[in-house]
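Some notes on the structure that comes next.
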Amino acid sequence: MTFGNVAPKQLSDGNSQGTVLGQAGTTPSGTTDKIGFFGATPVVQPASPAGNVHTPTAGSTTAVFVNTTFDGSIGSTAYTIGDLVVALKHLGLIAS
């Protein structure tokens with residue numbers, strides 16, 4: 001598959017040093033590189049986790065319970081901390 005005259009980079013290119021997504025460093029090659037997974041719109045690395053202003057749906061605003069869910073102030077789908085851990089493990093982003 002090619003896009004214009006450019007073939008996409010493959011993660012399985014056999015590079016013994018690994019593959020870097022979102023090159024380390026400063027702009028233009030670092031913080032402005034966009035990455036998206038599974039059809040999601042690619043975005044730059046978030047600067048900070050600010051912006052989640054929604055109150056959890058279970059428990060209280062000062063304590064987190066097993067069934068407390070969060071939507072990250074984006075969209076309407078809410079997740080528990082356990083949901084997030086499972087997703088990260090399935091993606092291989094944290095060890096299982």
In the neighbourhood of D83 defined by beta carbon distances under 13 Å, the net charge of the other residues (Lys, Arg +1; Asp, Glu -1) is 0
Subtracting the Cα-Cα distance of N15 and V86 from 0.36 nm times their residue separation yields 22.7 nm
Given a Förster distance of 25 Å, the FRET efficiency implied by the Cβ-Cβ spacing of Y79 and I35, rounded to the nearest 0.05, works out to 0.80
Amide H proximity to F70 below 5 Å, modelled H, separation 5+ or other chain, gives Y79, T80
Karplus ³J(HN,Hα) for region 74-91 (6.51 cos²θ - 1.76 cosθ + 1.60, θ = phi - 60°; Hz, whole; x = Gly/Pro) runs 10, x, 10, 7, 10, 10, 7, 4, x, 4, 5, 4, 4, 4, 4, 5, 4, 7
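Since every read-out is calculated from the coordinates, none of them should be taken as a lab result. Quick caveat, the model's predicted, so the values are computed rather than measured. In this analysis, Cβ positions are derived from the backbone assuming ideal geometry, glycine residues included, and neighbour counts consider all displayed protein chains.
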